[in-house]
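Taking it in order: structure first as C-alpha cells, then the write-up.
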Amino acid sequence: MKIYADNAATTKMCPAAIEAMLPFLDRIYGNPSSLHSVGQEAAEALADARQRIAACIGADPGEIVFTSGGSEADNQAILSAARLGRQQGRQHIISTAFEHHAVLHTLEKLKREGFEVTLLDVHENGIVLPHQVEEAIREDTCLVTVIYANNEIGTIQPIREIGAICRAKGVPFHTDAVQAAGHLPIHVGEQNLDLLSLSAHKFHGPKGVGVLYARKGIPLFPMIEGGAQERGRRAGTENLPAIMGMTAALELACSQIDENARHLTALRDQLIQGLAKIPHSVLNGDPVQRLPSNVNFCFEGIEGESLLLLLDDKGICASSGSACTSGSLDPSHVLLAIGRPHEVAHGSLRLSLCEENTEAEVDTMLREIPKVVEYLRNMSPVWRELQKGARDYVIQ
C-alpha cells in the first residue's frame, strides 16, 4: 500500500470532478463557438463554469480566462503586464528570489528583452515583508509578482498587504496562487489582486487546465493566436470537459477549506515535531505561516534523491522540491534563497499532504523516515567526516 505525500506535485482527481467531466466527454460534445444548438449547449455550460469559478475567488465572470494550467497563466499575466509597461515607458518588474520557475524563467526572458528585474531577498523563514516591496517600487515599475504560497516550502506570503501597497502606488499586482487555490481563502477584491494564476490539478481537478484572473481594466495580450475564444485573450477551442472538472473540484475544495485545514494542520504539526527529533535536521520555512499540508526538511549528510528512492521502496511517495525541476542536479533555488548552503539543500525532503492522508500514515512516515536517514548517513563519507570532527556540522 502506497502513502502518497506528494500532493504539491499533483493530486488525485476527486469523484466530483470525474462525474462533472463525463457528460462533456460524451453527450455534450459541441464546440462552444458553434452557433447551432449542440454548440450552444456547450457554450451555456462554459458560461456557467466561468461564473462558478469567479464566485469561488470573488471575481466577475468576465475576468476569468481559461488556460492550460498555472504555467501558461503565469506567463500570460507577466508578459501582458510587461508589454503594457513598455508601451507606457515602464520596464521595471519586482518579484522574489523563490518564485516558481514559470515566473522566474519568464522574467529571465524579459531581462533579455531589456527589462530590469528586482528579485527581493527572502528571509530565512521564507516570508517576504510588505515593506520590502514598497521600498523597491519605482516610477518605472510596471508589475509586482509574488507567489501566494511557496510551492516547495509552503510559506504563505502577506498578499493582502502587498496588494494594498501596489494598489496605492498604481502598480499591477500578480500572484501565482497555484498552491493556494482550494487550500487558502481567495478573494481578489479584498486581497487587492489584479492578476492571479491557478491550476486545477493542485486541488483534485484534471491536469492541463487552469485559470488566469485579470481584473477589469487590466489588458491581456494573447500568447496563442488563432481564433477569438476567451474574448480574444486565448485562441483555441476551450477544453470543456477539463473546465467542468476543474469547476467542480474548486467548488468542493473551497467549501471544505476550514475542515481540511484543521485536519491537515494536525497531521503537519505531528510530522514536523517527529522529524525535528532527527539529529542535525531543520525545518525549512516558517513553522506556522505555511500551508496546512506542507512539511519540508533538510537532513545533513545525505542526498535527497537517494532518500526519495528508498522511501519509495518503503511505500512512501514524496519529493525533494518542485516536480518541475526533478531532473536537475542543482539544489533547490528556494532553499538557497532562504540561506541553506548547497551541501544542506541537497538533502531536502518535501512531504505534501491532502485530506485523504491519515494519522496512521503519519505514524508510518515517522517510523520509516528516520530509519532511511540513518541508513544513508551510515553509508556517507561526508557523515563520517562530520562525526569525526573533520568538518563542522552546518545544522546543529
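The values are calculated or read from the model by the stated rules, or taken from the named source; none is laboratory data. This is a predicted model, so every value here is computed, not measured. Positions of Cβ are backbone-derived with ideal geometry, glycine not excepted, and every protein chain shown enters the neighbour counts. The protein model used for the area step is the full one, side chains on, heavy atoms only, and it has no ligands, DNA or RNA in it. Shrake-Rupley method; radii C 1.70, N 1.55, O 1.52, S 1.80 Å.
Looking across region 47-69, the residues that are open to solvent by less than 10 Å² (accessible area, probe 1.4 Å) and part of a helix (DSSP H, G or I) come down to 49, 53, 54, 57.
In this structure, does residue 247 turn out to be open to solvent by less than 40 Å² (accessible area, probe 1.4 Å) and either out of contact with any Ser or Thr (no Cβ under 6 Å at 6 or more places or on another chain) or of a type in the set (Val, Ile, Thr) (or both)? Talk me through it step by step, then tell me what you get.
Details: open to solvent by less than 40 Å² (accessible area, probe 1.4 Å): yes; either out of contact with any Ser or Thr (no Cβ under 6 Å at 6 or more places or on another chain) or of a type in the set (Val, Ile, Thr) (or both): yes.
Yes, satisfied.
If you check 165, 224 for being open to solvent by 20 Å² or more (accessible area, probe 1.4 Å), among the β-branched types (Val, Ile, Thr), over 15 Å from residue 17 (Cβ atoms) and part of a loop (DSSP other than H, G, I, E, B), only one passes: 224. Checking each residue in region 224-247 for being over 16 Å from residue 47 (Cβ atoms) and touching an Asp or Glu at 6+ places or on another chain (Cβ under 7 Å) picks out only 235.
Restricting attention to region 26-36, does a residue exist that is assigned to a helix (DSSP H, G or I) and open to solvent by 20 Å² or more (accessible area, probe 1.4 Å)? Spell out the reasoning first.
Initial filter on region 26-36 (assigned to a helix (DSSP H, G or I)): none.
No.
Of all residues in region 194-212, those being touching a Ser or Thr at 6+ places or on another chain (Cβ under 6 Å) and either open to solvent by less than 10 Å² (accessible area, probe 1.4 Å) or over 27 Å from residue 354 (Cα atoms) (or both) number 3. When region 250-260 is filtered for residues that are assigned to a helix (DSSP H, G or I) and open to solvent by 30 Å² or more (accessible area, probe 1.4 Å), the ones remaining, listed by number, are 251, 252, 254, 255, 258, 259. Restricting attention to region 78-124, the residues that are touching a residue at least 40 places away in the same chain (Cβ under 8 Å), surrounded by 17 or more Cβ atoms within 10 Å (Cβ to Cβ) and not in a helix (DSSP H, G or I) total 11.
Considering only residues that are open to solvent by 80 Å² or more (accessible area, probe 1.4 Å) and either over 17 Å from the mean Cα position of the chain (by Cα) or small (Gly, Ala, Ser) (or both), look in region 314-337 and name the one that is modelled with the highest pLDDT. Step through it out loud before you land on a result.
First pass over region 314-337, keeping only residues open to solvent by 80 Å² or more (accessible area, probe 1.4 Å): 314, 324, 326, 329-330.
Narrowing the set further to residues that are either over 17 Å from the mean Cα position of the chain (by Cα) or small (Gly, Ala, Ser) (or both) leaves 314, 326, 329-330.
Details: 314: 97, 326: 48, 329: 59, 330: 75.
Top of the filtered list is 314.
Of the residues making up region 82-135, those that are of a type in the set (Val, Ile, Thr) and more than 20 Å from residue 166 (Cα to Cα) number 1.
Condition check for residue 235 on (1) part of a loop (DSSP other than H, G, I, E, B); (2) open to solvent by 10 Å² or more (accessible area, probe 1.4 Å): one failure, at (2).
Suppose we filter 340, 384, 377 for residues that are open to solvent by less than 60 Å² (accessible area, probe 1.4 Å) and farther than 25 Å from residue 121 by Cβ; which single one remains?
Working: 340 fails: farther than 25 Å from residue 121 by Cβ; 384 fails: open to solvent by less than 60 Å² (accessible area, probe 1.4 Å).
After ruling out the rest, the residue left standing is 377.
For region 262-313, filtered to residues that are of a type in the set (S, T, N, Q) and open to solvent by 60 Å² or more (accessible area, probe 1.4 Å), the residue that is nearest to the chain's Cα centre (by Cα) is 289.
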